[in-house]
Structures are given as C-alpha cells and as structure tokens.
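The values are calculated or read from the model by the stated rules, or taken from the named source; none is laboratory data. Everything quoted here is computed from the prediction, not taken from an experiment. Every residue, glycine among them, receives a Cβ derived from its backbone with ideal geometry; neighbour counts consider all protein chains shown.
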Amino acid sequence: MPNLAPLWLTLKVAAAATALSLGLAVAAAWLVARRRFWGRELLDALCTLPLVLPPTVLGYYLIVLWGRNGWLGGWVHDHLGLSLMFTWQGAVLAAAVVSFPLLFKSARAAFESVPAEYEQAARILGDHELALFWRITLPLASRGLLAGVMLAFARAMGDFGATLMVAGNIEGRTQTAAMAVFDAVAAGDYSLANTLVAIMSLTCIAILVATNVLMARRRYA
Amino acid sequence: MQLAVDIHKTLRSREREFHLHATFAATDECTVIFGPSGSGKSLTIQAIAGLVRPDHGRIQVGSDLLFDHGAGIDLPARSRKVGYLFQDYALFPHLTVRENIAYPLKKPWQWGIPAAIREEVEAMMASFEIAQLAGNHPHELSGGQKQRVALARALIKRPSLLLLDEPFSALDATLRQRMRLELLELRKRFAVPLVVITHDPADVEVFGDTLVIFDHGRVAEVGRRETVPGGWRQKVCHLSRWREGGRGHGEKAVG
C-alpha cells in the first residue's frame, strides 16, 4: 500500500486555501464588476497577476511578506511567536495565492452576467445594497461562483513552486501530492508516482467536467 | 397628486454628449410622457425613481421632496415610495411568482414567506387573477402574465406613484389593448397616479390626461392633452414619423 498521506494533506490544504481566497475574491470581483473608481483596472490586474507570474516569484513575495523577517511575518513572529514558514498553514497561504485569480475571474464574470436591471428593481422595491447583493446578485451569480470555487480548488491541489518556497517539502508535515510525485520520481519509485499521478489526474478531470456541466446547463430559460 | 420635475442631466460617452433638461408639472391621475427614442424620457423617470442622479434640479411627488440639489436632498430609491414597471418587467428569474410578489414585503434575511405577509400576497395574486401561477417561474409565463405579476409586485407596498416604462411595447397588438384597459381599472382600484412613458400614440389616447412631449432632451410641450396647441394628434404623429426616420443606436441608454 503506497503512502497516501500526501493526498489527504493536499485535500486539506486545497480546501482551506479555497475558503481563504473565496471571501476576498468575491469582494474584489464585486468591486471591479459593479463600481467605477480610479484604479479599477489596476486592481483587476493585481488580482490576476498570480495567474501569470512564475510560482517561485509568488513564493518569494510570500517569503518577503510572511517570512520570519518579513513585513507581516516579522510582527507575527515577534508578538505571537508563530511563523507560517515550513508549516501546512504556509502551504495553504501559497495555494490560496496561486488559485485566487481563478476565483476572482470567475466571480467577476458571474457578477457581470447579472443584469443591472434586476438590482435596480430590487432597489426600487426597498432593498439597501447589502440586501440586494444577498437576495439578487449572489443567487443569480451562484453557478459562476461555484464553478470558480471548483477551478480554484483544482489549481490549489496542484501547486508546486509557491508551496515549495513557503512550506518546503517535509515528509508527513508539508509534503503535498505534487511534492510526493517529485520525490517518488527522483527516488525511482514509479509505482508510488503512478498511483499519485492517476489519482490526481482523475480528480482534476472530474472537477473540470463538473464545472463545464454546471456552466452549460442554464436554469432560467 | 402633484408631480413637479425640474432637472438637468448631462450624459457623456466617447462619441457624443446628451443634455437632458426636463421641466414639467402634472396634477392629473394619468400623465403620459411621449417622445421619440433617445429623447430623454426614460432618463427622466429613472431620475424620479432614484436610479439616476440629476446634475441639479428638483423632484417633488405630492408633499414628498425626493430630490433637491440645492438643499442636498437625494432620497435613495428604496425610500421614495415609487413603483416602477420595467419595459421587460425585470421579474427575478430565480424566484417564483409568489416569491416575486412577496419580495418587497419580506425582510432580506427571512427564509420562505412568513405567515404574516402570506395572506396579503395570496390576496394580491387573487386580485390579479394569477393565483394559479403562484409556483411558476417567470420564464414559464406569457407576456400578459408577466406584466400582471410585475404590476402586483410594484403595487403591493401601495406606492404613491407608479412609473411605467413603455409598458405595452413587449406585448402583441391584441393583448396590448386589453392590458391598457386592465391598467386603467387598476389605477382606480389602487388609487395610484400613473406616469406612462411611450412612443405609441394609442397610449396617449388612453392615459394622456396630462401630456408631456419630449424631444431632443427637452420638454417640447406640456399641458392637458386637449389644450395642446395645434392638436395633440398632429404633434404626436409628427414626432412618431421623426422617430421612424431617426431610429438608431443608444435607444436603451438614453431613450
């Protein structure tokens, strides 16, 4: 029986990372989709940046920000005695950053697909902005959001570079499936590599098919 | 009911500028704002409803001051007590007919329809003869049914004014006349003043106690229909021809 612990860690990290980026991605996407302000396109670019930057560059940014001597990490280490470096929580942070753009882009498209007229009707019928977001925008955008969550989850499962920089590759602690494949191949353990690769490929295919089905089926004719 | 509007608004896009200057007052129970597409009539009722903020001016409905640039008054749309019928009704597609009509009475966090308002919703549906559609979604309804649902939803909170944006343009000709009569009947039953915007002379015939004619973002004519100098039919038909010739882009944006 091959060691499947990295798979469970991967699922845990990916789920936490998706949850972490969800709130922020939805808020940023709503701002960009519904508000007009200076720097709107810049905000969109910053939110999309992790999609195109090399994961190692993202990892480097995270170290600069969250490392023991980093801007935020230094403060946390001095005051709380904690560090994200080389922990599974650090892997969550890295996976959240790399998967963020997928959620953000899907959420922006989902919000923009909701006709503004429904929101105007809700305003006239007595809703304040938060109420109509909850009652109109969110339900009508829910499929697009869910598709974004699934894509982000799939991406978070597969991260290698950023996670390696931040959390390292410590067996039993921060070794995710992607790292385990790397180690297995390096050690010549092809049976373990095959098992991990097969499981990850099937999971991602299932997620992508489900996403497509979700987006293709229209609920309201 | 006294409706007094005096507003300025400038819209800019890359290609052109549109200036709206709408000044009119109406005391009748039915007012028609007539004009070719692109004449600023939609923009005007959007401003009355609070969906568009005028650059300056004043809007008053009865004793309620809705907007006064000078005094810094700009009531949000939700507080204006104005009903609005959208051109294609804007029924919420994810909600059933019953949920659509209950929408204005429900608190945002309430799940389902509380017993306290259920009765009122059922009564409203009965009076609009749409009780049998209660569980249907908007995409399952015909044009006339959609309009009834939208009217029921707009009237359930008893607004002090009902604004209608081209209310019959989405219906076929036979249904159009029937829905006009239904609307007249509703007006009496709910005692709600109507402001109808249209480019259909037949709507002027039925609803135009007061007639406001828009052209190129300005009010070209305002008054009792019968007192329009030169006869309202001539004025209206002249503008209708102009519209057929000059129909073009940007209809929805500024129409």
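Answer yes or no as to whether B:Leu85 is under 20 Å from B:Leu184 (Cβ atoms) and assigned by TED's automatic domain parsing to the domain that holds B:Asp64. Spell out the reasoning first.
Numbers: under 20 Å from B:Leu184 (Cβ atoms): yes; assigned by TED's automatic domain parsing to the domain that holds B:Asp64: yes.
Answer is yes for this residue.
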Quick check on my filter: what residues within the range B:206-215 are within 16 Å of B:Glu29 (Cβ to Cβ) and not aromatic (Phe, Trp, Tyr)? B:Val206, B:Gly208, B:Asp209, B:Thr210, B:Leu211, B:Val212
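Name the single residue that is surrounded by the most Cβ atoms within 10 Å (Cβ to Cβ) among those in the range A:126-138 being among the aliphatic types (A, V, I, L, M) and facing chain B (nearest Cβ under 9 Å). I'd like the intermediate steps shown before the answer.
Within the range A:126-138, the subset among the aliphatic types (A, V, I, L, M) is A:130-132, A:136, A:138.
Still in the running and facing chain B (nearest Cβ under 9 Å): A:130-132, A:136.
On the way: A:Leu130: 9, A:Ala131: 17, A:Leu132: 21, A:Ile136: 25.
Here the residue is A:Ile136.
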Near pairs, Cβ below 7 angstrom, 6+ apart or cross-chain, from the range A:79-97 (in contact (Cβ under 8 Å) with a residue 60 or more places away in the chain) to any residue that is among the aromatic types (Phe, Trp, Tyr) and in a helix (DSSP H, G or I): A:Leu84/A:Trp66; A:Leu93/A:Trp66
Matching entry among A:Arg108, A:Arg123 (being crowded, with 19+ Cβ neighbours inside 10 Å, closer than 29 Å to B:Ala49 by Cβ and within 14 Å of chain B (Cβ to nearest Cβ)): A:Arg123
Being crowded, with 24+ Cβ neighbours inside 10 Å, assigned to a strand (DSSP E or B) and away from chain A (no Cβ under 14 Å), is that true of even one residue in the range B:47-56? no
Going residue by residue through the range A:139-153, is there one that turns out to be within 14 Å of chain B (Cβ to nearest Cβ), in a helix (DSSP H, G or I), over 25 Å from the mean Cα position of the chain (by Cα) and among the basic types (Lys, Arg)? no
Please tell me if B:Thr227 is more than 20 Å from B:Gly62 (Cα to Cα), of a type in the set (Ser, Thr, Tyr) and touching a Phe, Trp or Tyr at 6+ places or on another chain (Cβ under 7 Å). no
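Which residue, of B:Thr44, B:Thr31, is in a helix (DSSP H, G or I), more than 14 Å from chain A (Cβ to nearest Cβ), under 30 Å from B:Leu105 (Cβ atoms) and not hydrophobic (A, V, I, L, M, F, W, C)?
Numbers: B:Thr31 fails: in a helix (DSSP H, G or I).
Within the list B:Thr44, B:Thr31, the selection yields B:Thr44.
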Restricting to the range B:115-171, and then to whatever is touching a Pro at 6+ places or on another chain (Cβ under 9 Å) and part of a loop (DSSP other than H, G, I, E, B), can you tell me which residue is surrounded by the fewest Cβ atoms within 10 Å (Cβ to Cβ)? B:Lys157
Restricting to the range A:158-201, give me the number of residues that are surrounded by 15 or more Cβ atoms within 10 Å (Cβ to Cβ) and not in a helix (DSSP H, G or I). 9
